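See below for the structure under consideration.
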Amino acid sequence: MRLPKRARQFGIPVTLCIAVLVLDWEVAKTALGATDVNAQHAPPPIPIAGPLARPKPDHQVGLPVVLTRAAIPADNPQAPEKIALGEKLFFDGRLSADGTVACSTCHDPARAFTDGRPVSIGIDGRMGERNAPTILNALYNKTQFWDGRVTTLEEQAALPIVNPVELGQPSLNAAIAQIAKIDEYQKAFRSVFGRPPNAVDLLRAIASYERSQLSFDSPFDYFIAGDNNAIADSAKRGWEIFNTRGRCNKCHALSEARRDVTTFTDNDFHNIGVGIIRHNVVELACQAETAIRSGDAAALDRAAIQTDMSALGRFLITKKDDEIAAFKTPDLRNVLVTAPYFHDGSQQTLWDVMDHYNKGDGINNPYLDEDIRPLALTEADIDDVVAFLASLTSADYADLGVKELERQRALSRTNRPQRDTARAFGPKYPEPKPARNCR
């Protein structure tokens, strides 16, 4: 008798009782809402570390020196040798179970440390449920991942290595065993940390490399620094709309009264109406309450990446109803070159994103953030906001930004699936009151 296919994929030992295995797996599928993790696409080739992968200087225009220093933990100070070791590990497929996937597979420097896909692809072509966020400026994040399930970059670095649909190692020690065989790593770990390769230092090195990816020096930074000609008039109008009629500052600022010119995030979580119709979040929330313990990092990670519970967002961690389908506000720097957008990669262009917000999206969504409402922005207004967002592209990605803006503009002229002018200029859609009874 053959094991169920999904059981084989997760490496359940054949020697265990077949009946118990089948029963346990069926129970697990019901509890976790497991999605199909069969191979669908071959993972892309591991990117080669080129010039864009190098650590970034700390003298960029717009870079917040004090905030940057505060973001470096006392127990893991930056050092050139440690960053270099982290960079090597970041691009090394030997951290994955089958050697085909590295951190850089989902965080390619050529794509501003994203992968250009709606959701990422791991070992054996397995697809997750989340869009890969950039690691550029990730050191400023108060929490990591779309749902904020960990707080440090060290914690963040650990989970993809052991997730079955990402790097797929059975444990961090298994990953360490792979690289400990390599003399170059033995020497590097002993030089940097004074001891052989181990899990704690592995994560410290990768996190140090990620903290070296500072990205400012954009046209907008020069504009804020006093160069009035650094951005076009359209971008200037977009900056004003962003902070007023566009209501973007409700989430992309530290406070509504003070314009944020640094990270463009409130470090909070919001239900903006994405995926609410495609998923029965009430049923998923009931499943999560019984199947997932909030303190179990590995179980949370598997639920977020491998199951439909991904749609619950922050609720997976807090179990608070007002955070059902709420996701972290992302930093907007280099947003132009990190398409597709939102936690599920469901929007192709910045025009799609603006159309989504313009119509106050939230039909049948009792958990919609209170600040989401129709904006009544004209086509010219939307073009201006996109121009502002494009001005946040760092110098390293200037050429890519020009090409991407033209690609998105051309697509927006023929395909606008989110545009709904009647709703954008109408009243706020009446939403049902939240009601959830897991019994």
Scanning segment 161-195 for residues that are charged (D, E, K, R) and either within 13 Å of Ile206 (Cβ to Cβ) or surrounded by fewer than 19 Cβ atoms within 10 Å (Cβ to Cβ) (or both) gives Lys181, Asp183, Glu184, Lys187, Arg190, Arg195
Ala325 passes all but one of the listed conditions (1) out of contact with any helix residue (DSSP H, G or I) (no Cβ under 9 Å at 6 or more places or on another chain); (2) farther than 28 Å from Gln213 by Cβ; the exception is number (1)
Residue hits (segment 340-350; surrounded by 23 or more Cβ atoms within 10 Å (Cβ to Cβ), in a loop (DSSP other than H, G, I, E, B) and either among the hydroxyl-bearing types (Ser, Thr, Tyr) or more than 10 Å from the chain's Cα centre (by Cα) (or both)) are Thr349
Considering only segment 381-395, I want to know if a residue exists there that is surrounded by fewer than 17 Cβ atoms within 10 Å (Cβ to Cβ) and part of a helix (DSSP H, G or I). yes
In segment 209-253, anything part of a loop (DSSP other than H, G, I, E, B), farther than 23 Å from Lys56 by Cβ and open to solvent by 10 Å² or more (accessible area, probe 1.4 Å) is listed as Asn228, Asn229, Ala232, Thr244, Arg245, Arg247, Cys251
Looking across segment 328-344 at residues that are among the hydrophobic types (A, V, I, L, M, F, W, C) and touching a helix residue (DSSP H, G or I) at 6+ places or on another chain (Cβ under 6 Å), the single one that is nearest to Arg111 (Cα to Cα) is Val337
The correct count of residues that are basic (Lys, Arg), assigned to a helix (DSSP H, G or I) and closer than 17 Å to Lys328 by Cβ in segment 291-314 is 0
Residue pairs within 7 Å by beta carbon, gap of at least six or interchain, first lying in segment 48-72 and under 14 Å from Ser208 (Cβ atoms), second open to solvent by 50 Å² or more (accessible area, probe 1.4 Å) and assigned to a loop (DSSP other than H, G, I, E, B), listed first then second, are Thr68/Asp58; Ile72/Gln78
The residue that is surrounded by the fewest Cβ atoms within 10 Å (Cβ to Cβ), considering only those in segment 293-310 that are of a type in the set (A, V, I, L, M) and at pLDDT below 90, is Ala298
Worksheet item: Do we have any residue at all in segment 32-49 that's at pLDDT 80 or above and either touching an Asp or Glu at 6+ places or on another chain (Cβ under 6 Å) or small (Gly, Ala, Ser) (or both)?
Response: yes
Being in contact with a Gly (Cβ under 8 Å, 6 or more places away or on another chain) and either on the phi > 0 side of the Ramachandran plot or open to solvent by 80 Å² or more (accessible area, probe 1.4 Å) (or both) narrows Lys428, Lys433 down to just Lys428
Among residues of segment 315-335 being surrounded by fewer than 22 Cβ atoms within 10 Å (Cβ to Cβ) and in a loop (DSSP other than H, G, I, E, B), the residue nearest to the chain's Cα centre (by Cα) is Pro330
Per the filter on segment 268-282, residues open to solvent by 50 Å² or more (accessible area, probe 1.4 Å) and not basic (Lys, Arg) are Asp268, Ile277, Asn280
Counting only helices (runs of 4 or more DSSP H) wholly inside segment 65-160, the ones holding at least 2 residues that are open to solvent by 40 Å² or more (accessible area, probe 1.4 Å) and farther than 22 Å from Phe327 by Cβ are 65-70, 80-90
Arg117 fails exactly one of (1) free of Cβ contacts under 8 Å to residues at least 12 places away in the same chain; (2) under 14 Å from the mean Cα position of the chain (by Cα); (3) over 18 Å from Ser212 (Cα atoms), namely (1)
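The values are calculated or read from the model by the stated rules, or taken from the named source; none is laboratory data. Just so you know, these numbers come straight off a predicted model, no measurement behind them. When we count neighbours, we look across all protein chains shown, and the Cβ atoms used for this are built from the backbone with ideal geometry, even at glycine. All accessible areas refer to the heavy atoms of the entire protein, side chains included, with ligands and DNA or RNA removed. Shrake-Rupley method; radii C 1.70, N 1.55, O 1.52, S 1.80 Å.
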